[in-house]
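Below is one structure, written out as structure tokens, with a few remarks after it.
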Amino acid sequence: AQKVTQAQTEISVVEKEDVTLDCVYETRDTTYYLFWYKQPPSGELVFLIRRNSFDEQNEISGRYSWNFQKSTSSFNFTITASQVVDSAVYFCALSEDTGTASKLTFGTGTRLQVTL
Amino acid sequence: EAGVAQSPRYKIIEKRQSVAFWCNPISGHATLYWYQQILGQGPKLLIQFQNNGVVDDSQLPKDRFSAERLKGVDSTLKIQPAKLEDSAVYLCASRSGRHGPLNEKLFFGSGTQLSVL
């Protein structure tokens with residue numbers, strides 16, 4: 001069975017600080033996908049990144065970066081120079097590769113509060 | 001491109017009443033999902049459709065929950081009768097349904113927040 005663990009329930013930082021959100025996953029599949037979604041107060045889940053299990057290259061997109069390490073089953077998310085607009089709940093999710101039948105298993109989320 | 005549409009945005013009912021939620025996915029998306037998100041938790045999959053067929057409903061409480069997607073486009077999720085523990089946000093998501101890593105991304109609606117009193 002798949003499982004995603006986000007041990008950090010809530011993180012508070014001051015604007016311009018860097019912050020890392022942790023994600024640890026469990027799966028028996030050799031092919032799978034990892035995701036990060038952002039859920040602002042409006043409630044809609046916003047896609048941030050998808051990473052497949054064969055691609056361990058780290059990725060940077062503006063102030064966002066992701067560190068995927070299969071050896072530790074982790075897919076951590078770092079926000080550099082955080083801003084108030086980054087305040088939201090962030091979810092890590094895992095999807096197995098079953099062709100058209102893939103579904104996401106979510107972690108419990110990390111609430112990020114960025115203050116001035 | 002229009003996103004996933006859901007209605008109503010909020011619903012308040014008393015326990016034992018019935019309620020229905022509606023979802024219109026992104027045009028052309030064959031796969032549709034209903035997720036339940038209880039306060040403070042991550043979304044949990046209730047049911048997954050591929051066109052008008054059910055792919056996975058293993059976590060749907062079938063004694064009270066039902067869902068349909070008759071024409072393979074929009075979908076309704078119903079709860080009858082509602083219990084207090086059904087209070088949650090019900091999220092609809094869609095995906096293109098074509099196989100391949102580029103199509104693994106789910107698009108979510110804003111959800112329906114249900115309060116059962």
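Starting from the amide H of A:Q113, placed 1.01 Å from N in the peptide plane, find each other amide H under 5 Å away whose residue is 5 or more places distant or on another chain.
A:I11, A:S12, A:V13
Ranking B:L46, A:L45 by Cβ neighbours within 10 Å, fewest first, what do you get?
Working: B:L46 20, A:L45 27.
With the sparsest Cβ surroundings first, the list reads B:L46, A:L45.
Give me the Kirkwood hydrodynamic radius of segment A:1-80 in Å, from all C-alpha pairs, to one decimal place? All intermediate terms of the calculation are to be shown ahead of the outcome.
Numbers: mean 1/r = 0.0729 Å⁻¹.
Hydrodynamic radius (Kirkwood, Cα pairs) of segment A:1-80 is 13.7 Å.
Kirkwood hydrodynamic radius for chain B: how many Å is it when counted over pairs of different Cα atoms? Write out the running numbers ahead of the final one.
On the way: mean 1/r = 0.0703 Å⁻¹.
About 14.2 Å for chain B.
For segment A:1-74, what does the relative contact order come out to in percent, with C-alpha contacts under 8 Å and a separation of six or more? Don't skip to the end; give the middle numbers.
On the way: 84 pairs, mean separation 18.5, N = 74.
Across segment A:1-74, relative contact order equals 25 percent.
What value does the protein assembly as shown have for Rg/Rh, both radii from Cα atoms and Rh as Kirkwood defines it?
A ratio of 0.97.
Would you tell me the mean number of C-beta atoms belonging to other protein chains that fall within 10 Å of each C-beta in B:54-64, as a whole number?
Working: counts 0, 5, 3, 0, 0, 1, 0, 0, 0, 0, 0.
What the average comes to for B:54-64 is 1.
Take A:E26 and A:E10, extend 7 Å from each Cα along the Cα→Cβ direction, and tell me the distance between the two endpoints in nm.
Result for the modelled spin labels: 2.7 nm.
What average number of partner chain Cβ atoms lie no more than 10 Å from the Cβ of the residues making up B:106-116? Don't skip to the answer; put the middle values down first.
Details: counts 10, 4, 7, 3, 4, 5, 1, 1, 0, 0, 0.
Mean partner-chain Cβ count within 10 Å for B:106-116: 3.
Could you run the Karplus curve 6.51 cos²θ - 1.76 cosθ + 1.60 with θ = phi - 60° over segment B:17-26 and give me ³J(HN,Hα) per residue in whole Hz, x for Gly and Pro?
Per-residue couplings from phi come out as 7, 9, 8, 9, 10, 10, 9, 10, x, 5 Hz.
Could you derive backbone 3J(HN,Hα) for segment A:32-37 from the dihedral phi with the Karplus parameters 6.51, -1.76 and 1.60 (θ = phi - 60°), listing whole Hz in sequence and x where the residue is Gly or Pro?
7, 10, 10, 9, 10, 10
What list of ³J(HN,Hα) couplings, whole Hz, do you get for segment A:15-25 from phi and the Karplus terms 6.51, -1.76, 1.60, once you set θ to phi - 60° and write x for glycine and proline?
Each residue's phi maps through the Karplus curve to give 3, 5, 6, 8, 9, 10, 9, 8, 8, 10, 10 Hz.
How about A:K70: which aspartates and glutamates have a C-alpha closer than 20 Å to its C-alpha, ignoring those fewer than 8 places off in the same chain?
Partners found: A:D22, A:E26, A:D29, A:D55, A:E56, A:E59, A:E96, A:D97, B:E104.
Can you pull the mean other chain C-beta count within 10 Å for peptide B:42-53?
Numbers: counts 14, 9, 2, 4, 0, 1, 5, 0, 2, 1, 0, 0.
Per residue, the average neighbour count from other chains is 3.
Kindly rank B:22-33, B:2-13 from highest to lowest mean number of other beta carbons found within 10 Å of each residue.
Descending packing order for the listed peptides: B:22-33, B:2-13.
Lysines near B:K71 by alpha-carbon distance under 29 Å, same-chain residues fewer than 8 away left out - which ones?
By straight Cα distance, B:K71 reaches A:K103, B:K11, B:K44, B:K62, B:K105.
Could you please rank B:V116, A:V4, placing first whichever residue has the fewest other Cβ atoms within 10 Å of its Cβ? Mind showing how you got there, number by number?
Details: B:V116 20, A:V4 24.
Ascending Cβ contact count within 10 Å gives the list B:V116, A:V4.
Across 10 Å bins from the origin, how do the percents of Cα pairs in segment B:1-43 run, short distances first?
Taking all Cα pairs of segment B:1-43, the binned fractions are 20, 44, 30, 6 percent.
Bear in mind these aren't lab numbers, they're just calculated from the coordinates by the rules spelled out. Given the structure is predicted, the values throughout are model-derived calculations rather than measurements. FYI the Cβ positions are ideal-geometry reconstructions off the backbone, even for glycines, and counts take in every protein chain you see.
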